[in-house]
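Working notes, beginning with the structure itself.
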Amino acid sequence: MKNLKLASRAAAEQTVISVGDVAFGRDFVVMAGPCSVESEAQTLAAACAVKAAGADILRGGAFKPRTSPYSFQGLGLQGLKILDKARRETGLPIVTEVLDPRDVSWVAEFADILQIGTRNMQNFALLKEVGMSRRPVLLKRGMFSTLEEWLNCAEYILSEGNPDVILCERGIRTFENYTRNTLDLSAVPAIKELTHLPIVIDPTHSTGRLSLIGPMSLAAVASGADGLLIEVHHDPKTALCDADQALTPDLFETLMRQLRPLHAFMRSIAD
Ligand code: PEP
Ligand code: MN
């Protein structure tokens with residue numbers, strides 16, 4: 001991986017990225033919320049629920065990369081305004097996806113973290129644009145990408161002057177079709193060997209199955225991940241996107257009660 005001038009492990013100390021009260025690379029950071037922003041009431045319900053359960057950051061898409069052009073595409077600017085309201089009501093910072101290089105500068109006025117989705121991991125124009133932004137970037141792994149390709153994409157962002165890149169493993173495509181994708185949990189220790197950037201796990205899109213999200217979240221903690229990105233909806237059956245894989249507030253709360261002690265235990269046995 002000789003092209004990783006800035007991203008390689010040897011290039012810098014562990015990257016620590018502060019967002020609100022937490023820091024990636026130091027704390028175990030939980031980002032949670034709906035797949036997409038559907039309405040003010042729905043977003044506020046999810047935001048209050050994840051805040052009450054102890055999440056650190058609110059997620060929610062205002063621009064949705066959908067397989068079909070006829071599926072719900074997100075509320076755009078209106079969605080960002082709703083996220084802003086949810087931030088003011090809960091105090092939670094916001095992570096939200098940006099799809100188009102032309103939108104980066106104004107989306108960054110609303111977002112605390114800019115998310116680059118799996119389908120755009122190698123959209124080099126978009127990577128350069130977020131590299132010029134001063135917002136931290138959550139860079140999801142391309143569903144067909146190797147670790148080397150992924151880290152080269154992080155390098156694009158770093159080389160434009162933005163040092164705050166958080167990697168997110170969200171599953172890769174394999175022949176297995178019981179799960180939506182295959183969670184590559186070995187990416188966590190591997191990424192820690194290869195780079196100083198923090199890495200989080202998305203147990204939602206990687207499994208696509210409610211019953212697997214809890215176990216894989218706990219496994220993510222044990223693997224040494226720096227945090228999680230989880231979908232939570234106050235009424236999953238009505239969700240306009242990814243309804244089958246959203247945790248209810250109750251399920252999320254149960255998971256949070258298991259996560260924090262496990263993380264404390266893992267810390268206690270480290271070294
Ligand atoms: C998302 O997190 O909302 C999303 C679309 O995920 P991915 O890009 O990993 O499919
Ligand atoms: Mn989703």
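Any read-out appearing in this document is the output of simple, stated calculations on the displayed coordinates, not a laboratory observation. It should be emphasised that the depicted structure is a prediction, and the values quoted were computed from it without experimental measurement. Using ideal geometry, Cβ is built from the backbone for each residue, glycine included, and neighbour counts are taken over all protein chains shown.
What FRET efficiency do you get for M1 and F144 if R0 is 22 Å and r is their Cβ-Cβ distance, rounded to the nearest 0.05? Intermediate values should be presented prior to the final figure.
Values: r = 18 Å, r/R0 = 0.84.
Step by step, r from the Cβ atoms, then E = 0.75.
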Exercise. Expressed in nm to one decimal, what extension gain is obtained for the pair W106 and S8 from 0.36 nm per residue of sequence separation less their Cα-Cα distance?
Worked result: 32.2 nm
Exercise. Treating the beta-carbon of each Lys and Arg as +1 and of each Asp and Glu as -1, no other charges, what is the dipole magnitude of region 57-211 about its Cα centre, to the nearest 20 debye?
Worked result: 540 debye
For this session: State the cysteines of the chain left without a partner when partners are defined as other cysteines whose beta carbon lies under 4.7 Å away.
Result: C48, C153, C168
For this session: For a footprinting-style exposure proxy, rank W150, W106 by other Cβ within 10 Å, fewest first.
Result: W106, W150
Exercise. Using bins 5 angstrom wide from zero, how does P(r) for region 9-270 break down, in % of all Cα pairs?
Worked result: 1, 6, 14, 19, 22, 19, 12, 5, 1, 0, 0
Exercise. Given a cut-off of under 8 Å on Cα pairs at least six residues apart, what relative contact order in percent is computed for the chain?
Worked result: 20 percent
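Please work out how much length the chain gains when fully extended from D244 to S18, using 0.36 nm per residue of separation minus the C-alpha to C-alpha distance, in nm with one decimal. Please list the in-between numbers first.
On the way: separation 226, 0.36 × 226 = 81.36 nm, distance 3.22 nm.
The span from D244 to S18 would gain 78.1 nm if fully extended.
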Exercise. Label points 7 Å out from Cα along the Cβ direction at E40 and R173: separation in nm?
Worked result: 4.0 nm
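About the Cα centre of the chain, what is the dipole size in debye to 20, counting +1 per Lys and Arg Cβ and -1 per Asp and Glu Cβ, all else neutral? Write down the numbers at each step before the final one.
Working: 28 positive and 32 negative charges, 31 e Å.
Here the chain has a charge dipole of around 140 debye.
For region 154-183, run through the trypsin sites (Lys or Arg not before Pro) and keep only the ones in DSSP coil with at most 16 other Cβ atoms within 10 Å of their Cβ. Numbers along the way, then the final one.
Details: sites: R170, R173, R180; in loops: R170, R173, R180.
Those that pass, being in a loop and sparsely packed, are R173.
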Exercise. Given the pairs K64/K85; K81/K192; K5/K64; K2/K64; K51/K81; K85/K192, which are separated by over 25 angstrom at their Cα positions?
Worked result: K81/K192; K5/K64; K2/K64; K85/K192
For this session: Choose one of M266, C241, L251: the residue whose Cα lies farthest towards the positive end of the charge dipole of the chain (beta-carbon charges +1 Lys, Arg; -1 Asp, Glu; about the Cα centre).
Result: C241
Seminar exercise, completed: Asserting the computed 222 nm helical MRE of the chain (DSSP H runs at least 4 long, -39500 (n - 2.57) per run, divided by residue count, to nearest 500) equals -11500 deg cm²/dmol
Problem set entry | Extreme residue, positive dipole direction of region 135-271, given options L212, L138, L185 (C-beta unit charges) | L212
Problem set entry | Top positive-direction residue, dipole computed over region 1-85 with Cβ charges, set V29, L75, A11 | A11
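Counting Lys and Arg as +1 and Asp and Glu as -1, each charge on the Cβ, what is the dipole of region 209-270 about the Cα centre in debye, to the nearest 20?
Computed about the Cα centre, the dipole is about 280 debye.
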